[in-house]
Amino acid sequence: MKFRVLGSLFLSSSLLLAACGNSGDDDSGKKTEKKEVTKSASQVISDLQDNAKDVNSYHTDNAIAMKPKDGESQKVKVGMDVDEKETAKLVTNQAGQEMTIYVQGKKMVAKANDQWIDLSSQVDNMDIDSSLDQLNYEKYVKSLDGFKDAKAKKVDDGYELKYNIKNKEDFKKLASSSGNKDQLEQFEDQIDDVSGDAVLKVNKDNEIESYILDSKLKKDKDTANIKTKVTYDKINDIDEIKIPDEAKDAKKIEDLQKEQSSDQKSSESSNSEEAS
């Protein structure tokens, strides 16, 4: 069985994240102790979602490590900056291959192997808007309703919410608020069972610190371990992102594909002549 699509399912699902008190004097002049109240998981999520409306720029790192029972480990990393104008800069790393991508409205350029490529014509086909939405801070926060039923633990810098996944139904409950119905349906078709833990950390400023999902997937006799980690920082602290001047000469993907096709035909023709 192939587990390669499951990382994106988990990342997009994730699918695939104030203490208060009072003090005063009683009628006899005695001081009352300041009492600290621990918030429920539901209140932590509600405060997080309310605060997300004021987030205009941010940095996020997303990492997925997949290890099939009898296969090699696969890792995918995506780092993304988003400024107030919603221009995004992404740096992806998969199997040691790194790519830098800039997205500004319907314009998208990428740098791979020291070459700039204009991918603007593919924005709609590649469903880039949907992919970026999955990493969008406010929309990501809205997908965390499943954590309202988690166990909340107060820590020094905020709260830690832990959700235990005992089976596929538990995971579906956690991921259902992501809005990715198609991906959830794919998940149901490809997986027999899933177990693990999801931990969401929210800091004292009601901002996501990290989301970690450590899980085990099962399909027939095959299993795979997947660990997903999502972090957000530099909230409202990203400078304006500008597409580099050198990217203005980026080669259109259509032209690059034509060149590659022509080179391949020339190579095949040359090899045919040598064989004869």
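The values are calculated or read from the model by the stated rules, or taken from the named source; none is laboratory data. These numbers come from a predicted model, not from an experiment. Every residue, glycine as well, gets a Cβ built from its backbone with ideal geometry; the counts of neighbours run over all protein chains shown. Ligands, DNA and RNA are stripped out before the accessible areas are found, and what is left, the full protein with its side chains, is counted by its heavy atoms. Shrake-Rupley method; radii C 1.70, N 1.55, O 1.52, S 1.80 Å.
For segment 250-273, indicate whether the set of residues that are at pLDDT 85 or above, outside any helix (DSSP H, G or I) and open to solvent by 80 Å² or more (accessible area, probe 1.4 Å) is non-empty.
Yes, because at least one residue in segment 250-273 is at pLDDT 85 or above, outside any helix (DSSP H, G or I) and open to solvent by 80 Å² or more (accessible area, probe 1.4 Å).
I'm checking my understanding of the structure. Among residues of segment 114-136 that are farther than 21 Å from Tyr232 by Cβ and of a type in the set (A, V, I, L, M, F, W, C), which one is least open to solvent (accessible area, probe 1.4 Å)?
Val123
Out of all the residues in segment 235-249, which are at pLDDT 90 or above, open to solvent by 60 Å² or more (accessible area, probe 1.4 Å) and either under 14 Å from Lys107 (Cα atoms) or part of a helix (DSSP H, G or I) (or both)? Let's see the steps before the verdict.
Taking segment 235-249 first, the residues at pLDDT 90 or above are 235-247.
Filter once more, so that each one left must be open to solvent by 60 Å² or more (accessible area, probe 1.4 Å): 236-237, 239-240, 242, 245-246.
Result: Lys242, Asp245, Glu246.
Residues checked against (1) of a type in the set (A, V, I, L, M, F, W, C); (2) farther than 30 Å from Tyr102 by Cβ:
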{"site": "Tyr137", "(1), (2)": "no, no"}
{"site": "Ser143", "(1), (2)": "no, no"}
{"site": "Gly146", "(1), (2)": "no, yes"}
{"site": "Ala150", "(1), (2)": "yes, yes"}
{"site": "Val155", "(1), (2)": "yes, yes"}
{"site": "Glu169", "(1), (2)": "no, yes"}
{"site": "Leu174", "(1), (2)": "yes, yes"}
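Somewhere in segment 112-125, is a residue of a type in the set (A, V, I, L, M, F, W, C), under 25 Å from Leu217 (Cα atoms) and part of a strand (DSSP E or B)? Let's see the steps before the verdict.
The first filter runs over segment 112-125 and keeps only residues of a type in the set (A, V, I, L, M, F, W, C), leaving 112, 116-117, 119, 123.
From the residues that got through so far, the ones that are under 25 Å from Leu217 (Cα atoms) too are none.
Looking for residues that are of a type in the set (A, V, I, L, M, F, W, C), under 25 Å from Leu217 (Cα atoms) and part of a strand (DSSP E or B), one finds none in segment 112-125, hence no.
Which number in (1) open to solvent by 20 Å² or more (accessible area, probe 1.4 Å); (2) in a strand (DSSP E or B); (3) in contact with a helix residue (DSSP H, G or I) (Cβ under 9 Å, 6 or more places away or on another chain) marks the one condition that Lys139 misses?
Result: Lys139 fails condition (2) only.
Across segment 69-98, what is the total count of residues that are within 17 Å of the chain's Cα centre (by Cα) and part of a strand (DSSP E or B)?
So the count comes out to 16.
Can you list residue pairs whose Cβ atoms sit under 6 Å apart, with the first residue in segment 202-224 being closer than 19 Å to Ser42 by Cα and the second being surrounded by fewer than 21 Cβ atoms within 10 Å (Cβ to Cβ) and of a type in the set (S, T, N, Q)? Count only pairs 6 or more apart in sequence or on different chains.
Asn206/Asn51; Glu209/Asn203; Ser210/Thr231
For segment 82-102, how many residues are of a type in the set (D, E, K, R) and open to solvent by less than 50 Å² (accessible area, probe 1.4 Å)?
Residues that pass the stated criteria total 1.
Please find, within segment 103-113, the residue that is most open to solvent (accessible area, probe 1.4 Å) out of those that are out of contact with any Leu (no Cβ under 8 Å at 6 or more places or on another chain) and more than 23 Å from Lys75 (Cβ to Cβ). Outline the logic, then answer.
We begin by selecting, within segment 103-113, every residue out of contact with any Leu (no Cβ under 8 Å at 6 or more places or on another chain); these are 104-107, 111-113.
Add one more test, that the residue is more than 23 Å from Lys75 (Cβ to Cβ), and what stays is 104-107.
On the way: Gln104: 86, Gly105: 55, Lys106: 116, Lys107: 81 Å².
Going through the qualifying residues, I end up with Lys106.
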